[in-house]
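Asks: Pasting a structure here, questions to come.
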Amino acid sequence: MARVLLGLLVACAGPGLLAQDSAADRSAQAALQKLAARMREIRTLSASVTQSRRTDLLDKPIVSSGTMAYRRDPPVLAFHLTEPRKADILLDKTSYQVFRPEEKRLERVEFEGEDVTARILMVFEPKLDEIGKTFTVHGGEARDGLIDVQLDSSDERFRKRLKKIVLTLAEADGGLRRIVYTDAEGDEVRFDLSQVVLNPELPADTFLLRTPEGTRVLRRTVKQDK
């Protein structure tokens, strides 16, 4: 991706954003700006998605595939996974829900205040000054016209739940190709996107979880750190 002047970055970014000033970091900051420009007029987004979860407890990652949909107002991210088993996942700024129809089970995690899910949703409406308050931006690997942008949590309290987010962006236009986040335990969740469509017409029920009668609901509340 073409680099922008560092002076422009200084004008629009917070202090955390410019904590490092290497060439790789400047390239990552430029890529992030292109993503921000690209997403500015986006109200909805859809894509095919492959999810991969890595954990030290298993030798191989858990891989699922399906579709992803995003809506800006109000912000919500939906995953409808079909392989190898069906699962519907919804994230908004204060909750994370997973419905497993084959098990008739709904898992709902509610956060007191905006938390991990809000940071993930920030990717789809990146405001560089806000990102600079929350993350330190580092440049990662660049290859085949793509660049990795690493967002390290700069708040020690928040690092108890989310260590970092890595975005893989197209250098030419800031197109989002991959999202990877690592939680406090070191588990890594990766979303590879393809067939991305900007501003599609999406049915309202895309962002609803419809659970049949008899569904077992498991709720957990995560309290806000002081």
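Every number here is computed from the coordinates shown, using simple stated rules; none is lab data. Quantities reported herein were computed from a predicted structural model and do not represent experimental measurements. Reconstructed Cβ throughout: ideal geometry from the backbone, glycine too, with neighbour counts over all protein chains shown.
Asks: Beta carbons within 10 angstrom, averaged per residue: use that to sort the peptides 216-222, 160-166, 192-198, highest first.
Replies: Taking the mean over residues of other Cβ atoms within 10 Å, the ranking is 160-166, 192-198, 216-222.
Asks: Now for a separate question. Between segment 117-169 and segment 51-97, what is the C-alpha centre distance in whole Å?
Replies: The two parts, judged by their Cα centres, are 18 Å apart.
Asks: Under 24 Å from the Cα of residue 133, which lysines turn up, not counting those fewer than eight places away in the same chain?
Replies: 34, 93, 160, 163, 164, 223, 226
Asks: Using a cut-off of 20 Å between alpha-carbon atoms, which aspartates and glutamates can reach residue 86, once sequence neighbours fewer than 8 places away in the same chain are excluded?
Replies: Those aspartates and glutamates meeting the cut-off are 102, 103, 107, 192, 205, 213.
Asks: Could you derive backbone 3J(HN,Hα) for segment 167-180 from the dihedral phi with the Karplus parameters 6.51, -1.76 and 1.60 (θ = phi - 60°), listing whole Hz in sequence and x where the residue is Gly or Pro?
Replies: 9, 9, 10, 6, 5, 5, 9, x, x, 7, 10, 7, 10, 10
Asks: Let me ask another. Provide the net charge surrounding residue 144, with neighbours chosen by a C-beta distance below 13 Å and charges set as Lys +1, Arg +1, Asp -1, Glu -1.
Replies: Result for the local shell: 0.
Asks: How charged is the neighbourhood of residue 44? Take every other residue with its Cβ under 9 Å from the Cβ of residue 44, and add Lys/Arg as +1 and Asp/Glu as -1.
Replies: +2
Asks: Evaluate Rg over Rh across segment 45-218, taking Cα atoms for both radii and Kirkwood's formula for Rh.
Replies: Dividing the radius of gyration by the Kirkwood radius yields 0.95.
Asks: Let me ask another. With each run of n ≥ 4 DSSP H residues scored as -39500 (n - 2.57), what mean residue ellipticity at 222 nm is computed for the chain after dividing by its residue count and rounding to the nearest 500 deg cm²/dmol?
Replies: Helix-only estimate at 222 nm: -4500 deg cm²/dmol.
Asks: Now for a separate question. At a 10 angstrom cut-off on C-beta neighbours, averaged per residue, how do the peptides 134-143, 38-47 rank from highest to lowest?
Replies: 134-143, 38-47
Asks: Starting from the 7 Å offset along Cα-to-Cβ, what nm value, one decimal, do you get for the label separation of residue 118 and residue 23?
Replies: Using points 7 Å along Cα→Cβ, the separation is 3.9 nm.
Asks: What dipole magnitude, in Debye to the nearest 20, does the chain give about its Cα centre under +1 on Lys/Arg Cβ and -1 on Asp/Glu Cβ?
Replies: Value, rounded to 20: 320 debye.
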